[in-house]
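The values are calculated or read from the model by the stated rules, or taken from the named source; none is laboratory data. Keep in mind that this is a model prediction, so the values were computed, not measured. Because the Cβ atoms are built from the backbone with ideal geometry, glycine has one as well, and the counts that use them run over all protein chains shown. Each accessible area value is taken on the protein alone, full model and side chains, heavy atoms only, with ligands, DNA and RNA left out. Shrake-Rupley method; radii C 1.70, N 1.55, O 1.52, S 1.80 Å.
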Amino acid sequence: MFVLKFGGTSVADQAAIVRLVEIVRASGPQSVVVVSALGGATDRLLGLAAQAGAGDADGARENVRLLLERHLQVAGVIADYGLREDVERHLGEEFGALARVVSALAVLKEVSPRWLDAIAATGELASSRIVAAALESRGLPSAWVDARRVMVTSAEHTAAPPLMAETEARMRHELIPHLSAGRIPVLGGFVGATVEGVTTTLGRGGSDYSAAIVGACLGASEIQIWTDVDGMLTADPRLVPNAKVVPQLSFDEASELAYFGAKVLHPATILPAMAKNIPVRILNSRNAEARGTMITASRPATGRPLTAVASKRNVTVVNIASTRMLMAHGFLHKLFGVFEHHGTSVDVVTTSEVSVSVTVDDVRRLPRILEDLTAFAEVTSSSDLAVLCVVGEGIQGDATFVSRLLQALGPVPIRMLSQASERRNITIVIPDASLPAALLRVHDAFFGESADVGRGFSRAEGDR
Ligand code: ADP
Ligand code: ASP
Ligand code: MG
């Protein structure tokens, strides 16, 4: 049994949905389909929620109307009149309810995270209905499944972690009967609900995570992430136009790349797959023939130290110095306790004898964090930075890798550098303005025409 997840661009319009139908047909009836909202719809929904929060009821309602119009247009792909009429009625009800919600919120001029989730969820609830009916109308027996009935999460709105035991029980109970009857279950990704039934979302880009959870709960033989690129590329193609497809990745490499900014996979996607040892494949819905990227527990050695480069922009570094306290027992515990207390995770950490530097992505609680740290240390912070992360199972066996990396970076000023022992990545913090050039330099040195593959003193990866 396969889980096929289609991202926003893979369901963006009628032509995309026709391609989706043919991909699912080729996959066979033992498939579960997980879909994102129509491309751009989640941004629109969050945009109109913000409009409502600012008191602009008319503007928000007009955007609801435009979004409904787009969905009705895309629903034209449903080839059967009765099925299309049914979906049109559901869409009218969903968006009608949304219009009433935004009207009320515009009066209150406040949109709580709970309402934000209810609004954002409309995108996946609507797209999944269109896709289920499109499959059915084109000869593939399907069943729409309300994701809120099967994806059980905590109540941490806008980034709610799934409750796995409960979710597994519900998924098996709701989805297996459809599969046994030869129907393809179709559900929206990204969306869930608390045990009490309050709508939640898993966080931006969370449909990949939903698909992996479905796969793990049902013991799928493969989780396929259908998107708009040919697979995991050696770098972000928006910054490195000549990035190439990486045919095979290990779970660990994929996790690191996703965590450090390879948007093609939500960072949590690999965890459920890894727990059940289910391969994850990244494929292009516009180029279904391409082989994509296969992600498994281990992969064959390639002879290259580096597998890919990932990057994250808009990163802030907090530098914490305390000559008196640094080496004292419990200092790091106290320091990280402050970040934990404010629910903020740190990504890269370096320490020197007198200071600790950490990077943070989410700066919403930074003022409070700085205030608390100031109570026992000297603290400074700087923004406009970027993280560049090079990932590869072959790094640890290559004695000259770091020097070649630094040479490739050339004049790029390095603010932090970290390599964990026995690990497969090196993270570097540099000014955000230097990121595009730095990525091109590193990519060219390790993947370009003249890349010196295998140079340096390298153990075979299999030797480890
Ligand atoms: P979907 O809507 O299918 O979930 P996303 O937009 O979330 O698609 O992810 C796909 C995009 O991720 C690609 O179009 C590409 O611009 C971006 N991306 C960033 N880094 C990488 C990478 N290393 N490999 C592939 N794509 C990447
Ligand atoms: N539609 C959601 C988003 O845009 C989830 C996803 O596409 O994965 O974030
Ligand atoms: Mg995505």
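Check Asp117, Asp43 and return the single one that is in contact (Cβ under 8 Å) with a residue 40 or more places away in the chain and out of contact with any Pro (no Cβ under 6 Å at 6 or more places or on another chain). Working first, answer last.
Numbers: Asp43 fails: in contact (Cβ under 8 Å) with a residue 40 or more places away in the chain.
Of the residues listed, the single one that is in contact (Cβ under 8 Å) with a residue 40 or more places away in the chain and out of contact with any Pro (no Cβ under 6 Å at 6 or more places or on another chain) is Asp117.
Assess whether Val214 counts as being open to solvent by 30 Å² or more (accessible area, probe 1.4 Å), within 16 Å of ligand 3 (Cβ to nearest atom), touching a Pro at 6+ places or on another chain (Cβ under 9 Å) and over 20 Å from Asp43 (Cα atoms).
Details: open to solvent by 30 Å² or more (accessible area, probe 1.4 Å): no; within 16 Å of ligand 3 (Cβ to nearest atom): yes; touching a Pro at 6+ places or on another chain (Cβ under 9 Å): yes; over 20 Å from Asp43 (Cα atoms): yes.
So Val214 does not fit the description; no.
Looking at the structure I just gave you, is Gly28 at pLDDT below 95 and either of a type outside the set (Ser, Thr, Tyr) or open to solvent by less than 50 Å² (accessible area, probe 1.4 Å) (or both)?
Judged against the criteria, Gly28 is a match.
So which of Ala169, Ala120, Ala181 is under 22 Å from Leu45 (Cα atoms) and among the small types (Gly, Ala, Ser)? Can you show your working first?
Values: Ala169 fails: under 22 Å from Leu45 (Cα atoms); Ala181 fails: under 22 Å from Leu45 (Cα atoms).
Residue meeting the stated conditions: Ala120.
Would you mind finding the one in Ala143, Ala106 that is open to solvent by less than 40 Å² (accessible area, probe 1.4 Å) and either part of a helix (DSSP H, G or I) or in contact with an Asp or Glu (Cβ under 6 Å, 6 or more places away or on another chain) (or both)? Talk me through it step by step, then tell me what you get.
Numbers: Ala143 fails: either part of a helix (DSSP H, G or I) or in contact with an Asp or Glu (Cβ under 6 Å, 6 or more places away or on another chain) (or both).
Among Ala143, Ala106, only Ala106 is open to solvent by less than 40 Å² (accessible area, probe 1.4 Å) and either part of a helix (DSSP H, G or I) or in contact with an Asp or Glu (Cβ under 6 Å, 6 or more places away or on another chain) (or both).
Go through region 262-297 residue by residue and tally those that are without any contact (Cβ under 8 Å) to a residue 60 or more places away in the chain, out of contact with any Asp or Glu (no Cβ under 7 Å at 6 or more places or on another chain) and polar (S, T, N, Q).
2
Which residue is most open to solvent (accessible area, probe 1.4 Å), if the candidates are limited to region 281-298 and must be among the small types (Gly, Ala, Ser) and more than 13 Å from ligand 3 (Cβ to nearest atom)? Outline the logic, then answer.
From region 281-298, those among the small types (Gly, Ala, Ser) are 285, 288, 290, 292, 297-298; that's our starting set.
Next cut, more than 13 Å from ligand 3 (Cβ to nearest atom) only: 288, 290, 292, 297-298.
Numbers: Ala288: 46, Ala290: 26, Gly292: 10, Ala297: 59, Ser298: 88 Å².
Selected residue: Ser298.
Just to verify a result, which residue in region 147-196, among those that are within 19 Å of Ala118 (Cβ to Cβ) and polar (S, T, N, Q), is surrounded by the most Cβ atoms within 10 Å (Cβ to Cβ)?
Thr153
Residue by residue through region 215-259, note down the ones that are of a type in the set (Val, Ile, Thr) and either more than 16 Å from the chain's Cα centre (by Cα) or within 11 Å of ligand 1 (Cβ to nearest atom) (or both).
Going through region 215-259, the residues of a type in the set (Val, Ile, Thr) turn out to be 223, 225, 227, 229, 234, 240, 245-246.
Selection gives Ile225, Thr227, Val229, Thr234, Val240, Val245, Val246.
Which of the residues that make up region 169-217 are at negative phi, part of a loop (DSSP other than H, G, I, E, B) and within 13 Å of ligand 2 (Cβ to nearest atom)? Full working, then the answer.
Going through region 169-217, the residues at negative phi turn out to be 169-181, 183-189, 191-196, 198-202, 204, 206-217.
Then drop every residue that is not part of a loop (DSSP other than H, G, I, E, B), which leaves 181, 183, 189, 194-196, 198, 202, 204, 206.
Listed by number, the residues that qualify are Gly189, Leu202, Arg204, Gly206.
Any idea which residue in region 385-432 is nearest to Asp347 (Cα to Cα), counting only those that are open to solvent by 40 Å² or more (accessible area, probe 1.4 Å) and in contact (Cβ under 8 Å) with a residue 60 or more places away in the chain?
Among those that are open to solvent by 40 Å² or more (accessible area, probe 1.4 Å) and in contact (Cβ under 8 Å) with a residue 60 or more places away in the chain, it is Leu417.
Can you confirm whether Val87 is outside any helix (DSSP H, G or I), among the aliphatic types (A, V, I, L, M) and in contact with a helix residue (DSSP H, G or I) (Cβ under 9 Å, 6 or more places away or on another chain)? Write out each step before concluding.
On the way: outside any helix (DSSP H, G or I): no; among the aliphatic types (A, V, I, L, M): yes; in contact with a helix residue (DSSP H, G or I) (Cβ under 9 Å, 6 or more places away or on another chain): yes.
Here the answer is no, as Val87 does not meet what is asked.
Look at Ala60 and say whether it is more than 13 Å from ligand 1 (Cβ to nearest atom), more than 27 Å from Met171 (Cβ to Cβ) and surrounded by 23 or more Cβ atoms within 10 Å (Cβ to Cβ). If you could, list the steps in order and put the result at the bottom.
Numbers: more than 13 Å from ligand 1 (Cβ to nearest atom): yes; more than 27 Å from Met171 (Cβ to Cβ): yes; surrounded by 23 or more Cβ atoms within 10 Å (Cβ to Cβ): yes.
For Ala60, the condition - more than 13 Å from ligand 1 (Cβ to nearest atom), more than 27 Å from Met171 (Cβ to Cβ) and surrounded by 23 or more Cβ atoms within 10 Å (Cβ to Cβ) - is met.
Among all residue pairs at least 6 apart or on different chains, which show Cβ distances below 8 Å where the first residue, located in region 222-237, is within 16 Å of ligand 2 (Cβ to nearest atom) and the second is open to solvent by 10 Å² or more (accessible area, probe 1.4 Å) and basic (Lys, Arg)?
Listed pairs, sorted by first residue: Ile223/Lys5; Ile223/Arg281; Gln224/Lys5; Gln224/Arg281; Ile225/Lys5; Ile225/Arg281; Trp226/Lys5; Asp228/Arg286.
Consider region 23-43. How many of its residues are within 16 Å of ligand 1 (Cβ to nearest atom) and either of a type in the set (Lys, Arg) or part of a loop (DSSP other than H, G, I, E, B) (or both)? Reasoning before the result, please.
Initially, region 23-43 is screened for residues within 16 Å of ligand 1 (Cβ to nearest atom), giving 23-24, 33-43.
Add one more test, that the residue is either of a type in the set (Lys, Arg) or part of a loop (DSSP other than H, G, I, E, B) (or both), and what stays is 36-40.
So the count comes out to 5.
Starting from region 1-29, keep only residues that are within 16 Å of ligand 2 (Cβ to nearest atom), then list their pairs with residues that are of a type in the set (Asp, Glu) and in a strand (DSSP E or B) whose Cβ atoms are within a distance under 8 Å, requiring at least 6 positions of separation or different chains.
Matching pairs, first to second residue: Val3/Glu222.
Please pick out the residue among Val356, Val363, Val309 that is without any contact (Cβ under 8 Å) to a residue 40 or more places away in the chain and either among the charged types (D, E, K, R) or within 24 Å of Ser383 (Cα to Cα) (or both).
One residue alone meets the criteria, Val356.
Regarding Ala310, is this residue open to solvent by less than 70 Å² (accessible area, probe 1.4 Å), within 16 Å of ligand 3 (Cβ to nearest atom) and closer than 24 Å to Leu405 by Cβ?
Numbers: open to solvent by less than 70 Å² (accessible area, probe 1.4 Å): yes; within 16 Å of ligand 3 (Cβ to nearest atom): yes; closer than 24 Å to Leu405 by Cβ: yes.
It is true that Ala310 is open to solvent by less than 70 Å² (accessible area, probe 1.4 Å), within 16 Å of ligand 3 (Cβ to nearest atom) and closer than 24 Å to Leu405 by Cβ.
Where residues in region 246-280 are open to solvent by 60 Å² or more (accessible area, probe 1.4 Å) and not in a loop (DSSP other than H, G, I, E, B), which of them is nearest to ligand 3 (Cβ to nearest atom)?
Tyr259
Within region 217-245, count every residue that is open to solvent by 30 Å² or more (accessible area, probe 1.4 Å), within 16 Å of ligand 3 (Cβ to nearest atom) and of a type in the set (S, T, N, Q).
0
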